[in-house]
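The values are calculated or read from the model by the stated rules, or taken from the named source; none is laboratory data. The model shown is predicted, which means the values in this text are computed figures rather than measured ones. Ideal geometry is used to build each Cβ from the backbone, glycine not excepted, and the neighbour counts take in all protein chains shown.
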Amino acid sequence: MRIKKKEVQSEIFTGSMADISFLLIIFFMITSAFSADRGLDFALPEDTDTPEIKQEDSIDVHVLRGGAIEIDGAGTPLEGLLPYILDKLKQNPEKPVILRTDPDATYGDMIRTFDTLRTAKIEWSDADGRPLHMDVHGKPLIEIQTISIPTRREIENLWSMLGIQ
Amino acid sequence: MGLIRGRERKPAGQIFTASMADIVFLLLVFFIVTYKVEVDRTKMDLPDTWIRSKVPEKAAVISIAPPDDITAPLTVRVSTGEEMSLPVSTTEEVVTFASTEVARDPNKEFIIKADEQVPYEHVDAVLDALKQSKVKNIYLLSEQKTVKD
């Protein structure tokens, strides 16, 4: 007696593949984060105990509570910051900028000022990146070479070193 | 003269769906490739800046968020960049965390993710902790500033 062999179909059922793909897409869409991945970068000095920059050799930018700024002790609008620094750097291009912030000012106030300082490179160049200004020696002025952001502890250390209470 | 009115053929109202699976797969591949785990999911309003550079992928993150209630303390969280962020309660803990990370990798970058309304003294404390830990590079996370801002 001959027994008929049943043929097994060798097919993979793909009907639900689209549904699975859709589910996966929904999962990735919901869980993937379009997070902010850019920011203002800055390098910290190697030696942190004693700030090398002396206040009298530098341009002192002080962010006050409420976002107003003082440059070298005089109140100035934020728009006046770069022109003032430009004038100073024309005399001495290596002059560093010290950015101090009042503890009661907001982080946003400090960032606004820091960002303005960082835009100097764009402000002082033309569309092709050529410098617009020269120092007294005829060298091109492109950017602020040093921006120092001392912490309150460092400022207090400096003051105590100088004997200021 | 009368016109013989034949039956008008109506086009079938069908949407071609055969390529849908391909499109879905393409989207799926896109999402898988661009998938990134956000190590710190604290919701906050970042400050806006013109200058923005790309932050390194595995940089450690320190987030400072304002509390929901004014009287409550700020929420500070730290992450190595590979694991989800954990809350810390004191600046000393930030110093310990940063020192451990710097000991592991002296060139480890740190991201400060702080809300723009946070009082600067808290950011100053974190900055000081990072300086004490001999951190070399810091990124202050921000959103793109536009002309409208």
From A:VAL61, A:VAL97, A:VAL8, residue being touching a helix residue (DSSP H, G or I) at 6+ places or on another chain (Cβ under 7 Å) and either away from chain B (no Cβ under 14 Å) or at pLDDT below 80 (or both): A:VAL97
In segment A:112-165, residue nearest to A:ALA68 (Cα to Cα) [restricted to those that are in contact with a helix residue (DSSP H, G or I) (Cβ under 7 Å, 6 or more places away or on another chain) and among the acidic types (Asp, Glu)]: A:GLU123
Condition broken by A:ILE71, with the remaining ones in (1) modelled with pLDDT of 90 or more; (2) farther than 23 Å from A:PHE42 by Cα satisfied: (2)
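Answer yes or no: is there a residue in segment A:66-75 that is in contact (Cβ under 8 Å) with a residue 12 or more places away in the chain and under 22 Å from B:MET44 (Cβ atoms). Explain how you work it out, then say what you get.
Looking only at segment A:66-75, we keep the residues that are in contact (Cβ under 8 Å) with a residue 12 or more places away in the chain, and these are A:66-67, A:69, A:71-73.
If we keep only those that are under 22 Å from B:MET44 (Cβ atoms) as well, we get A:66-67.
Yes, segment A:66-75 contains a residue that is in contact (Cβ under 8 Å) with a residue 12 or more places away in the chain and under 22 Å from B:MET44 (Cβ atoms).
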Number of positions in segment B:66-76 that are surrounded by 13 or more Cβ atoms within 10 Å (Cβ to Cβ) and hydrophobic (A, V, I, L, M, F, W, C): 2
Where B:GLU101 falls short, out of the listed (1) closer than 23 Å to A:PRO103 by Cβ; (2) surrounded by 20 or more Cβ atoms within 10 Å (Cβ to Cβ): (1)
Of residues in segment B:23-32 being of a type outside the set (A, V, I, L, M) and facing another protein chain (nearest Cβ under 7 Å), the one nearest to A:ASP41 (Cα to Cα): B:PHE31
Residues within segment A:76-91 that are of a type outside the set (Gly, Ala, Ser) and free of Cβ contacts under 8 Å to residues at least 24 places away in the same chain, tallied: 5
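Quick grid of which residues meet (1) surrounded by fewer than 17 Cβ atoms within 10 Å (Cβ to Cβ); (2) free of Cβ contacts under 8 Å to residues at least 40 places away in the same chain:
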| site | (1), (2) |
| --- | --- |
| B:ALA18 | yes, yes |
| B:LYS36 | yes, yes |
| B:VAL78 | no, yes |
| B:GLY81 | no, no |
| B:VAL94 | no, yes |
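Going by the structure shown, is B:THR71 free of Cβ contacts under 8 Å to residues at least 12 places away in the same chain, polar (S, T, N, Q) and either more than 28 Å from B:ASP105 (Cα to Cα) or touching a helix residue (DSSP H, G or I) at 6+ places or on another chain (Cβ under 7 Å) (or both)? Don't jump to the end; show me each part of the working.
Numbers: free of Cβ contacts under 8 Å to residues at least 12 places away in the same chain: yes; polar (S, T, N, Q): yes; either more than 28 Å from B:ASP105 (Cα to Cα) or touching a helix residue (DSSP H, G or I) at 6+ places or on another chain (Cβ under 7 Å) (or both): yes.
Answer is yes for this residue.
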Within segment A:126-159, tally of residues that are of a type outside the set (A, V, I, L, M, F, W, C) and in contact with a His (Cβ under 9 Å, 6 or more places away or on another chain): 1
